[in-house]
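What follows draws every value from the coordinates through simple rules; no lab data is involved. Given the structure is predicted, the values throughout are model-derived calculations rather than measurements. When we count neighbours, we look across all protein chains shown, and the Cβ atoms used for this are built from the backbone with ideal geometry, even at glycine.
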Amino acid sequence: MNPEYLAHALSMFKDGTRASVIMQPVAQRLSPDDMHALATYFSAQHAPLAQAQHVPSADLISAGKRLAESGGVHDVPACFSCHGSSGQGNGARFPAIAGQPMTFSIARMREFQARAKAAPPKPGSMTEVASRMDDAQIEASAAFFSVTMP
Ligand code: HEC
């Protein structure tokens, strides 16, 4: 994961702009130097592909692949257009989404959807993208990225 993205994510937990009952109190105690050091350390680690709890069906994976490459109904844009051509991430703003456990990606997309209900999302943000997605698109894209190596 890109170090600037990680440092930014930690500062969002600290500011309370990214929700997590677990991470917010942890980040509260971190100084900017701590966040920078942690981001540098974790960005240099290479996580193995998460052990899937269950292997998604081939149909689900290929539906997710189509969405990632080309986008889909409700004007959902191609995931690769922001997250890099294999979901490996792109710079400080767009995190790596390939190789993440399916449950993690689903939970994150649900968080963005909840945010979109609370206030109108900024155009071009993940909150806006998630607000367009239906349950099937969330499941399929999370399935595809859970079995895709960045
Ligand atoms: C218009 C650009 C854009 C598109 C298209 C897009 N995303 Fe995102 N996505 C983002 C941004 C920006 C973030 C980081 C938001 C943040 O951290 O607050 C993000 C974050 C995420 C996260 C959370 C990752 C993490 O580590 O917390 C997931 C999961 C995700 N996107 C999945 C998808 C999927 C699946 C698609 C395709 C259906 C998609 N995104 C399409 C911009 C985009």
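What whole number of Å gives the distance from the Cα centroid of region 1-38 to the Cα centroid of region 134-150?
Here the answer is 26 Å between Cα centres.
Using a Gaussian network model of the chain with C-alpha springs under 10 Å, which one of Phe80, Phe42, Phe94 is most mobile by mean-square fluctuation?
Evaluated over the chain, the most mobile residue of the options is Phe42.
Ratio to report: Rg/Rh of region 3-43, with Cα atoms as the point set and Rh obtained by the Kirkwood method; give two decimals.
Values: Rg = 9.2 Å, Rh = 9.8 Å.
A ratio of 0.94.
Hey, got the Cα dimensions of the chain along the principal axes, in Å, largest first?
Each principal axis gives a Cα extent; for the chain these are 45, 36, 26 Å.
Whole-Hz ³J(HN,Hα) for each residue in region 113-118, computed from phi via Karplus 6.51 cos²θ - 1.76 cosθ + 1.60 with θ = phi - 60°, x for glycine and proline: what do you get?
Along region 113-118, the couplings run 5, 5, 4, 5, 6, 6 Hz.
Given R₀ = 35 Å, FRET efficiency for Ala78-Ser31 by Cβ-Cβ distance, to 0.05? Show your work: numbers first, answer last.
On the way: r = 38 Å, r/R0 = 1.10.
The formula returns an efficiency of 0.35 here.
With contacts defined as alpha carbon pairs under 8 Å and 6 or more residues apart, what's the relative contact order of region 5-80 in percent?
On the way: 43 pairs, mean separation 13.9, N = 76.
Relative contact order here is 18 percent.
Label Ala118 and Val55 with points 7 Å out from Cα along Cα→Cβ: what is the distance between them in nm?
3.9
Among Leu30, Ser43, Asn90, whose Cα sits farthest toward the positive end of the charge dipole of the chain (+1 at Cβ of Lys/Arg, -1 at Cβ of Asp/Glu, about the Cα centre)?
Final value for the positive-end residue is Leu30.
Please pull out the direction-averaged projected area of region 58-146, using the convex hull of its alpha-carbon atoms, in nm² to one decimal place. List each step's numbers first, then the result.
Working: hull surface 21.0 nm².
Computed as one quarter of the Cα hull surface, the answer is 5.2 nm².
Can you sort Leu60, Leu10 so the residue with the fewest Cβ neighbours within 10 Å comes first?
Values: Leu60 19, Leu10 22.
Sorted ascending by nearby Cβ count, the order is Leu60, Leu10.
Compute the distance in nm between two label points, each set 7 Å from the Cα along the Cα-to-Cβ direction, one at Arg93 and one at Ile22.
If labels sit at Arg93 and Ile22, their model points lie 2.9 nm apart.
Could you give the size of the charge dipole of region 24-106 about its Cα centre, using +1 on the Cβ of each K and R and -1 on the Cβ of each D and E, expressed in debye and rounded to the nearest 20?
It works out to roughly 40 debye.
Per residue of region 30-40, in order, report the coupling 6.51 cos²θ - 1.76 cosθ + 1.60 (Karplus, θ = phi - 60°) as ³J(HN,Hα) in whole Hz, putting x for Gly and Pro.
8, 7, x, 5, 4, 5, 5, 5, 5, 5, 5
Using a simple charge model, +1 on the beta-carbon of Lys and Arg, -1 on the beta-carbon of Asp and Glu, nothing else, what dipole does the chain show about its Cα centre, in debye to the nearest 20? Numbers along the way, then the final one.
Numbers: 12 positive and 12 negative charges, 42 e Å.
Dipole of the chain, to the nearest 20 debye: 200 debye.
How would region 76-124 be classified by its alpha-carbon gyration tensor: rounded, prolate or oblate, with rounded meaning a/c under 1.5 and the a/b versus b/c comparison settling the rest?
Numbers: a/c = 2.25, a/b = 1.35, b/c = 1.67.
Taking the square roots of the gyration eigenvalues as a ≥ b ≥ c, region 76-124 is oblate.
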